[in-house]
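Notes follow once the structure below has been shown.
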Amino acid sequence: MWFFFALASAIIYSFRGILEKKIISNVNNYILGFAVRAFALPFFFLPLLLFPDKVVPLQNLSPEFWFVVFFIAFICTPLETIFYYKALDEEEVSFVLPLLSLAPVVTLGLSAVILKEIPNIFGIIGVLLIILGIYTLKLSHAKDGLLQPFRHIKNSRGAQLMTIVFLSLGLGSVLDKIGVANSNAYFFALINYIGVSLTLFLIALVKARAHMKEQKTYWKQFLLIGSVVAGYTLLYLLALEESFASYAIAIRNASIIFTIILGYLFFKEKDLKQKILAAIIISAGLIFIKVLG
């Protein structure tokens, strides 16, 4: 079942980009980052109301659980949020966004060391194929080849900041796995998002205080996106309960396939040949993981 949870998470995740694209020009980035998570919170309560046995008494939660929650909320989240936008401000998108595709490589390495999760060779090939497909797709506007972002890491502050972001994202998947293992997907999702929402609220308060009213203006859109965020998060964490962390994050990142389809249908986006090629590579990776991994 885990594969289908992860794949469903990827499908739902693809809708987030489409929905955000419709309002992103009208909303401050920091407000958007906070609001879509804060408005997701009500949807994390619903499963616990339906399945009260999934509620874990706070005194029964292990130190490992609380370490993960605090580390994600107060270290990973600020790093990823602030450095991501700073990187985009300081460098061209085509230089820095491809680096985010490497997060599953970090997860693959860290999960082997920390979680003792070692996929077989076919599983590793599947993860790498997905990464390659996403990476080449995001590099569509670069002029100097596949290694262009790496050559910029040494001298580009923007690339260095984005490197910190993808390292944090890769570590975050391992921490998610630990959090789920020490509770369950439903309860960890709620507690984790409470912490993350609090942190992002404080960041928004500092970075975009003048834009706070946008939450009221676009509350319907935020609520819709929040439901999408809650949906793909829960499915991703349910997949983590049964699968390797590197598999779950790689498959969720394969959402780009469905984003390509939706982008064409809703926005008539171009460059279909390259996108179809990337989709084929990513699909091959999914097959390796599902059938042979």
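Couple of notes before you dig in:
- For the stretch 112-119, putting each phi into the Karplus relation 6.51 cos²θ - 1.76 cosθ + 1.60 with θ = phi - 60° gives couplings of 5, 7, 7, 9, 6, 9, 10, x Hz, in residue order, rounded to whole numbers and with x for Gly and Pro.
- From phi via Karplus (6.51, -1.76, 1.60), per-residue ³J(HN,Hα) for the stretch 170-175 in Hz, x at Gly/Pro: x, 5, x, 5, 5, 5
- Using just its DSSP H runs of length 4 or more, each adding -39500 (n - 2.57), the chain gives a mean residue ellipticity at 222 nm of -23500 deg cm²/dmol after division by all residues.
- Anisotropy class of the chain from Cα gyration tensor, a/c 1.5 cut: rounded
- Fully extending the segment from I118 to I261, taken as 0.36 nm per residue of separation minus the present Cα-Cα distance, adds 48.2 nm.
- With 28 Å as the limit on Cα-Cα distance, the pairs of K21/K207; K220/K273; K220/K275 that go past it are K220/K273; K220/K275.
- Lys, Arg +1 and Asp, Glu -1 on Cβ, resulting dipole of the stretch 159-293 about Cα centre, debye, nearest 20: 500
- The relative contact order of the chain comes to 43 percent, based on Cα pairs under 8 Å that sit 6 or more residues apart.
- Coupling constants for the stretch 32-38 follow from the phi torsions by the Karplus curve (6.51 cos²θ - 1.76 cosθ + 1.60, θ = phi - 60°), and in residue order they are 4, x, 6, 5, 5, 7, 5 Hz; glycine and proline get x.
- For the chain, a simple Cβ point-charge model (Lys and Arg +1, Asp and Glu -1, everything else neutral) yields a dipole of about 680 debye relative to the Cα centre.
Coordinate-derived values only; no laboratory data. Predicted model only: the values in this text are computed from it and were never measured. Because the Cβ atoms are built from the backbone with ideal geometry, glycine has one as well, and the counts that use them run over all protein chains shown.
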